[in-house]
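The values are calculated or read from the model by the stated rules, or taken from the named source; none is laboratory data. Treat the numbers as computed from the prediction; the structure is a model and nothing was measured. Here the Cβ is made from the backbone with ideal geometry for all residues, glycine too, and neighbour counts use every protein chain on show. Side chains included, ligands, DNA and RNA excluded: accessible areas come from the protein's heavy atoms. Shrake-Rupley method; radii C 1.70, N 1.55, O 1.52, S 1.80 Å.
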Amino acid sequence: VKEHGRNSMRQFVPEMGLNAISRLNMESALRRGLERSEFLLHYQPKIDLDQHTVVGAEALVRWNHPQIGMVHPVEFIPLAEETGLILPLGEWVLAEACRQQVRWREQGLGDLKVAVNMSSRQFRQDDLAGRIAAIIAVTGANPAYITLELTESMVMQDVDSTLTTLRSLKKLGLSISLDDFGTGYSSLSYLRRFPIDELKIDKSFVNDIHTDPDDAAIASAVIAMGLSLGLNVVAEGVERLEQIQLLREMRCSQVQGYYFARPMDAQSFAQFQLKKKV
Ligand code: C2E
Ligand code: CA
Ligand code: CA
Ligand code: CA
């Protein structure tokens, strides 16, 4: 499992990399990429610790550039945000995740929960709920099995408008997850006021959970708090069995990480079998 370490993420961007491309070229390449359908989604299983089953997947966008190859989201999401291209890209991601959910259902895999990441610009756009409702209607996806992952810092920006948007999303039947939890600053009172369903403990806390008592204490407190608020608590970035055993003792609901599987294409996901023990 050594080669599955953290550094192999780098392999995504080959030597010549995107550094060679100027910002302007990168912007037009992104635009062209959207027109030419160069984006795709990979899916990483979310595993329920009690039931020992795959409950769904997080959709993670990749850019298959004709010359450069697979480009990792950290390389293009920031520019997409800056230029506003994140809006059409984000709509494509959501629509594709919805279509995939329907395909899995048609393949006999049942309703799998699919989680989609939202950028802050996307979250703040006009009539977000209306746009999402339209995508759900066109694709025939099941909103009860769609989760939107929002970061903690994103929802804390303008809490009044956040609350309005969250309520309209909940009316559609969607689930809301607070991603990267613990890295930002959330007032606990908002955590209670926001209609959210899930907390995702950031992988920076999960990383050393088995070696660093401070991180273990934080994870344990976050899990206990999330559970007491009736939320689903997910730990991301689990790479070792020791981490999972600890998280299970802390009563964490679900885990996601390289220990079980890396993000993979939709077909591989459909064939994925949970072999590793938890
Ligand atoms: P994120 O939402 O926190 O997603 C988790 C990231 O951790 C993913 O990286 C995933 O591949 C990686 N990961 C999963 N398991 C492990 C593990 O065990 N160890 C380690 N070290 N990493 C693990 P990825 O796919 O490169 O995505 C990076 C970030 O890009 C995401 O962080 C998310 O913020 C953003 N992103 C990805 N797809 C989208 C998208 O469709 N829209 C938007 N707005 N942002 C996206
Ligand atoms: Ca996420
Ligand atoms: Ca995260
Ligand atoms: Ca420490």
Task: Table column - 3J(HN,Hα) (Hz), segment 121-138, Karplus curve with 6.51, -1.76, 1.60, x for Gly and Pro - done: 5, 5, 4, 8, 6, 4, 6, 4, 4, x, 5, 5, 4, 5, 5, 4, 5, 5
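Counting only DSSP beta bridges with both residues in the chain, tell me the antiparallel percent, nearest 5.
Details: 16 of 39 bridges.
That works out to approximately 40 percent antiparallel.
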- [ ] Find how much the distance from SER228 to ALA134 grows on full extension, using 0.36 nm per residue of separation minus their present alpha carbon separation; answer in nm with one decimal.
- [x] 30.4 nm
Open item on the list: Tell me whether segment 54-157 comes out rounded, prolate or oblate; compute the Cα gyration tensor, take square roots of the eigenvalues as a ≥ b ≥ c, and use a/c under 1.5 as the rounded threshold.
Closed with: oblate
Task: Cα gyration tensor shape for the chain, rounded if a/c is under 1.5, else prolate or oblate - done: rounded
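Within the accessible area of the chain, what % is carbon and sulfur when the probe is 1.4 Å and the other protein chains stay in place?
Working: 6650 of 13360 Å².
The computed percentage sits at 50.
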Task: chymotrypsin sites (Phe, Trp or Tyr not before Pro) restricted to DSSP loop in segment 171-220 with at most 12 other C-beta within 10 Å - done: TYR185
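Please report the antiparallel percentage of DSSP beta bridges with both residues in segment 60-219, rounded to the nearest 5. Don't skip to the answer; put the middle values down first.
Values: 3 of 15 bridges.
In segment 60-219, approximately 20 percent of DSSP beta bridges are antiparallel ones.
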Task: Within segment 62-82, backbone nitrogen closer than 20 Å to the virtual label 7 Å beyond the Cα of ARG103 toward Cβ - done: 62-66, 70-73
Open item on the list: Show me, for segment 180-193, the HN-Hα J-couplings you get by feeding each phi into the Karplus relation (A = 6.51, B = -1.76, C = 1.60, θ = phi - 60°), rounded to Hz, glycine and proline as x.
Closed with: 6, 5, x, 8, x, 10, 10, 6, 4, 5, 5, 4, 6, 6
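Grab the other residues whose beta carbon is less than 14 angstrom from that of ILE196, score K and R as +1, D and E as -1, and report the net. Could the numbers behind the result be given before it?
Values: positive: ARG167, LYS170, ARG192, ARG193, LYS200; negative: GLU149, GLU152, ASP179, ASP180, ASP197, GLU198.
Residues near ILE196 contribute -1 overall.
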Open item on the list: Need one number: nm distance between label points at GLU35 and LEU79, each 7 Å from Cα along Cα→Cβ, rounded to one decimal.
Closed with: 1.6 nm
Task: Interchain or long-range residues, amide H under 5 Å from ILE176's placed H - done: LEU148, ASP197, GLU198
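Residues with beta-carbon under 9 Å from that of LEU85, excluding LEU85: net charge, scoring Lys, Arg +1 and Asp, Glu -1?
Values: positive: ARG31; negative: GLU27, GLU81, GLU82.
Cβ neighbours under 9 Å give a net charge of -2.
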TODO: May I ask you to compute the full-extension gain from ASP111 to LEU24, defined as 0.36 nm times their residue separation minus their alpha-carbon distance, rounded to one decimal in nm?
DONE: 27.2 nm
Task: Built amide H within the under 5 Å cut-off of VAL71, gap 5+ - done: TRP63, ASN64, HIS65
Open item on the list: About the Cα centre, and with charges only on the beta carbon of Lys, Arg (+1) and Asp, Glu (-1), how big is the dipole of segment 142-241? Nearest 20 debye, please.
Closed with: 580 debye
Task: Pairwise Lys count, the chain - Cα closer than 16 Å, eight or more residues apart or different chains - done: 9
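Could you compute the net charge surrounding SER175? Neighbours are other residues with a C-beta less than 10 Å from the C-beta of SER175; K and R count +1, D and E count -1. Provide the component values of the computation, followed by the final result.
On the way: positive: LYS113, LYS170; negative: GLU149, ASP197, GLU198.
Here the charged neighbours net out to -1.
Using a Förster distance of 25 Å, how high is the FRET efficiency between TYR185 and GLN267, based on the Cβ-Cβ distance and rounded to 0.05? Walk me through the numbers on the way to the answer.
Numbers: r = 40 Å, r/R0 = 1.61.
With a Förster radius of 25 Å, E is 0.05.
Quote the charge dipole size of segment 13-161 about the Cα centre in Debye, to the nearest 20; the model charges only the Cβ of Lys and Arg (+1) and of Asp and Glu (-1). Before the final figure, lay out the partial values.
Working: 13 positive and 20 negative charges, 96 e Å.
Around 460 debye, computed over segment 13-161.
Below 8 Å between Cα atoms, with a sequence gap of 6+, how large is the relative contact order for segment 219-278 in percent? Provide the component values of the computation, followed by the final result.
Values: 51 pairs, mean separation 19.9, N = 60.
After rounding, I find 33 percent.
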Task: R0 of 51 Å, Cβ-Cβ distance LYS170-GLN67: FRET efficiency to nearest 0.05 - done: 0.75
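Quick one: grab the alpha carbon gyration tensor of segment 152-278, order the square roots of its eigenvalues as a ≥ b ≥ c, and give me rounded if a/c is under 1.5, else prolate or oblate depending on whether a/b is larger than b/c.
Working: a/c = 2.21, a/b = 1.34, b/c = 1.65.
Verdict is oblate for segment 152-278.
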